Each structure stands twice: as structure tokens, then as C-alpha cells.
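The values are calculated or read from the model by the stated rules, or taken from the named source; none is laboratory data. This is a predicted model, so every value here is computed, not measured. Here Cβ is always computed from backbone atoms with ideal geometry, including for glycine, and neighbour counts include all displayed protein chains. Note: areas computed on protein heavy atoms with side chains; ligands, DNA, RNA excluded. Shrake-Rupley method; radii C 1.70, N 1.55, O 1.52, S 1.80 Å.
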Amino acid sequence: MKTDKNDSARHERFMRRALELARNAWGRTHPNPMVGALIVEDDEIVAEGFHACDGGPHAERVALDALGRKPKPGATLYVTLEPCSTHGRTGACCAAIREAGIARVVAGATDPNPAHGGNGFNVLREAGIEVITGVLGHECADLNLIFNHNMRTGGEPLIAAKSAMTLDGKIATRAADSKWITGPLARADVMRWRRLFPAIAVGAGTVMADNPRLTSRIEGEAEWCPWRVVFDGLLRTVTTRNMPSLYTDEFRERTIVVTTPHGGLGYVRKLREMGVRVWCMESPTQRSSLGVFRKKCAEEKVTGVYLEGGAQLISEFLQERHIDYLFAYTAPMLFADDRGKSAYSGLRTEHIAQAVRMEDVRHESLGDDFLIRGRAVYPEKLQVDETVFSLR
């Protein structure tokens, strides 16, 4: 009989393969989670599967179908997420596992839905199936940041902010030079996260300064265009010439401009005639309401937003506590310049207790660069310098 240590190592080995399978559907399953599953007989993988898209069969059923026969006595199913116990569009996976005759289920993360979490495990145990949970649980939960947030908040989008900065916290020189602070591996990682999030958002200043494409361009894959969101309360980006490519390229119907009535209805009509979507939100000022934006995303089933800047827009989201997750890329360089552009302009921290912190932190080395990412945790009160916020 193998020791517990050997059992643990074996479970982790198979779970890592299940995670690899789940990532085959990176960014393709919203609003569902990514899930991988495999069946093991006599310490060998005999069938594999993953959830490929919303509405498609769940990973457990794909693996069972791939097997094409009854599992051998003692067969084990490995799955990255607790099997569903309720009958949805594809039927309850717990029922399929029981009917197939699987003897043991080894799972990673627990269902984050408070109404369901753990119930699938209970159903399996009541059916006489051995259940082992929490194997690489942190990694399995990390796989589905967006889905987990949606479940725990009742459908709110996960809003994440990305910054690329120097060791002294600068995102550009005093001359606004920012290309490139980070190296090719870090920039490729950004493209990978762009592929995961259903929407990418920037402010008007970023559009006018950089004319970004805001698509995911990964080597070996077709260019992917998520929803591209531009915050422009005064519609400064709508001009008579040199129109940003976001409004004219082949993906323009995937562009959303978030604005206010202060921007002018004529410009709103112009954008819509070009095929661009416009979310015109009532506001007493020339800034779009970030709370209303979050609600609108929920209504439109936009489950996650990857906020790429600029610094003022990110700071406003932080000020109003609408950033849920942070990606901080750091390059091994110093500008050593008080007049360089800071990553989070407008936020002042006079005491440690006022700092915005991260929890569930992950660290990754990307060549010479470094990524720290984690869930944003806010202090009781943020200190804000209102003078730095210009109109979007």
C-alpha cells in the first residue's frame, strides 16, 4: 500500500494535467468556468476532456464520452472544479459520474456559488463514491478568477487593473515615453490576460496618445478582439480627422464608448453610424459614473473588464473602490525622475493603514520582469488628491 505522501504526489500529478486541459479553453467559456477532467485506471490516464464553450458539455461528460465504455472497477475521475449537482442545460455531472460507476473523484476547487458549494461532493459521497477535495485547490481556483467573482457577487463583473512600471513606480518619463518599460515576455503575458477578459478598457487620454488596437495577439493564434471600452465623458476622441483606429478598423463593432450627455449627441450619433456602440450615462459631471458602468456590464453579461489605463482612470476606479484585482508588472529599471508619470496618480497614502493591499497574491518571473497580481483590499478611507483628475 502506498503512503499518503505518494498518494498526494500522484493526485497532484494528475491534477496538473487536468489544469492543462482546462486551459485549452482559456477565455472561451464565459460566463462558465474553465474545467478539465481525466479518468485514471491502474495509474494510467485512459480518457481526457475539458469544457470548451458555454452551452457545451462539461469536462466530466467529455471525459466519460471519450472513454467510450464503462470505467474499470476502482477508476478515478480527476476534475479541477466540484462537479455540478443540479440539472442545467447539459444535466448534472454528479448523476453521470454515479451512473458510469466511477469509484473515486479527486477534485481541485469547490464550487464558488454560495448556494451550491460543497453540495456536489455531498451527493457523490451519498452515492458511495470516495471523494478527495482540495488537490491543488489554490491553483484550480486561480484558474477561474472571473467566474469565481461573478458567483460570489451575484453577477458583478471582475474589474482588474494592469500597470507596467519601473522600480520607482513610474509608467512613463516626463516626455511621456513608455515603450517599452517591460520586456517581450511580460508583454506576451499581457496578451494572454487580454485573451481571458471579455473586455479591455482605457481612457480617452490613452486613445489619443497611443491609438491602441486593444486586441489579443498571441503567436500561433488568430487575433482576438474582446469588447474594447473607451471612457470619454466629453467625446474628445471623436474628431473630424485622424479618427482612432478603434472606431474605424475591422473590429469597430466590438468597441464601446462610455460617455455622458456632456459629450454632445451629434458625436454620439456619429459613432453609432460608424458601427461603434455608445453607452451614454447620465451624470451631473463630465465623468462617467463608474458604479453605473459596473451595473451596465452586469446587464450586458460582460463578466470581466481588464483596465489598462491611463493612470488617472485607474486611480479613479481605485478611489471609488471599483477595482477588484490588480496586475502590477515591474521592470528592473529606474527613471529617478520626480516629474515622471506615476502608476497611480491622485492617490495619497500618509499612513500604512491607508494603503490598498493585495490578497491571494501570486508572483511570476517573466524574463527580467516581475508580475505581482492579487485581489484588491481597501482601507477604511482612501486619501485622494482631487486636483490631479482631469476630465475624461
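Filter the range 80-96 down to the residues that are surrounded by 24 or more Cβ atoms within 10 Å (Cβ to Cβ) and in contact with a helix residue (DSSP H, G or I) (Cβ under 6 Å, 6 or more places away or on another chain) and list them by number.
Result: Thr80, Glu82, Pro83, Cys93, Cys94.
Please find, among Ile132, Ile146, the residue that is among the aliphatic types (A, V, I, L, M), closer than 15 Å to Lys301 by Cβ and open to solvent by less than 50 Å² (accessible area, probe 1.4 Å). Give the steps one after another, and end with the answer.
Values: Ile132 fails: closer than 15 Å to Lys301 by Cβ.
Exactly one of Ile132, Ile146 is among the aliphatic types (A, V, I, L, M), closer than 15 Å to Lys301 by Cβ and open to solvent by less than 50 Å² (accessible area, probe 1.4 Å), namely Ile146.
Among the residues of the range 191-221, how many are open to solvent by 10 Å² or more (accessible area, probe 1.4 Å), in contact with a strand residue (DSSP E or B) (Cβ under 7 Å, 6 or more places away or on another chain) and closer than 22 Å to Asn32 by Cα?
4
Residues that are at pLDDT 90 or above and crowded, with 21+ Cβ neighbours inside 10 Å: does the range 269-276 have at least one?
Yes, the range 269-276 contains a residue that is at pLDDT 90 or above and crowded, with 21+ Cβ neighbours inside 10 Å.
Among the listed residues Phe231, Phe251, identify the single one that is modelled with pLDDT of 95 or more, in contact with a Phe, Trp or Tyr (Cβ under 9 Å, 6 or more places away or on another chain) and among the aromatic types (Phe, Trp, Tyr).
Phe231
Can you list residue pairs whose Cβ atoms sit under 8 Å apart, with the first residue in the range 188-209 being closer than 18 Å to Leu371 by Cα and the second being of a type in the set (Lys, Arg)? Count only pairs 6 or more apart in sequence or on different chains.
Val190/Lys162; Met191/Arg217; Trp193/Lys162
If you go through the range 322-335, how many residues are farther than 28 Å from Ser288 by Cα and either open to solvent by less than 30 Å² (accessible area, probe 1.4 Å) or at pLDDT below 70 (or both)?
Residues in the range 322-335 being farther than 28 Å from Ser288 by Cα and either open to solvent by less than 30 Å² (accessible area, probe 1.4 Å) or at pLDDT below 70 (or both): 1 in total.
Is it the case that Glu126 is without any contact (Cβ under 8 Å) to a residue 12 or more places away in the chain and of a type in the set (Asp, Glu)?
In short, yes.
Evaluate the following for Glu82: is it without any contact (Cβ under 8 Å) to a residue 12 or more places away in the chain and of a type outside the set (Ser, Thr, Tyr)?
Against the criterion (without any contact (Cβ under 8 Å) to a residue 12 or more places away in the chain and of a type outside the set (Ser, Thr, Tyr)), Glu82 does not qualify.
Over 30 Å from Met191 (Cβ atoms), open to solvent by 40 Å² or more (accessible area, probe 1.4 Å) and not acidic (Asp, Glu): does that describe Ile39?
Working: over 30 Å from Met191 (Cβ atoms): yes; open to solvent by 40 Å² or more (accessible area, probe 1.4 Å): no; not acidic (Asp, Glu): yes.
Spelling it out, it is not the case that Ile39 is over 30 Å from Met191 (Cβ atoms), open to solvent by 40 Å² or more (accessible area, probe 1.4 Å) and not acidic (Asp, Glu).
Quick grid of which residues meet (1) surrounded by fewer than 21 Cβ atoms within 10 Å (Cβ to Cβ); (2) under 25 Å from the mean Cα position of the chain (by Cα); (3) small (Gly, Ala, Ser):
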{"position": "Leu235", "(1), (2), (3)": "no, no, no"}
{"position": "Asn242", "(1), (2), (3)": "yes, no, no"}
{"position": "Thr255", "(1), (2), (3)": "no, yes, no"}
{"position": "Tyr267", "(1), (2), (3)": "yes, no, no"}
{"position": "Lys301", "(1), (2), (3)": "yes, yes, no"}
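Within the range 106-116, restricting attention to residues that are open to solvent by less than 40 Å² (accessible area, probe 1.4 Å) and not acidic (Asp, Glu), which residue is farthest from Asp43 (Cα to Cα)?
Asn113
Just give me the residues in the range 1-36 being open to solvent by 60 Å² or more (accessible area, probe 1.4 Å) and within 21 Å of Ala222 (Cβ to Cβ), in sequence order.
Arg23, Asn24, Arg28
The conditions are (1) touching a residue at least 60 places away in the same chain (Cβ under 8 Å); (2) open to solvent by less than 30 Å² (accessible area, probe 1.4 Å), and Trp224 fails exactly one of them. Which is it?
(2)
For the range 151-173, enumerate the residues that are over 16 Å from the mean Cα position of the chain (by Cα), closer than 30 Å to Met333 by Cα and small (Gly, Ala, Ser).
If the condition is that a residue be over 16 Å from the mean Cα position of the chain (by Cα), closer than 30 Å to Met333 by Cα and small (Gly, Ala, Ser), then Ala164, Gly169, Ala172 are the ones that fit.
Under the condition of being of a type in the set (D, E, K, R) and more than 21 Å from the chain's Cα centre (by Cα), which residue from the range 42-61 is least open to solvent (accessible area, probe 1.4 Å)?
Looking at the filtered set, the residue picked out is Glu60.
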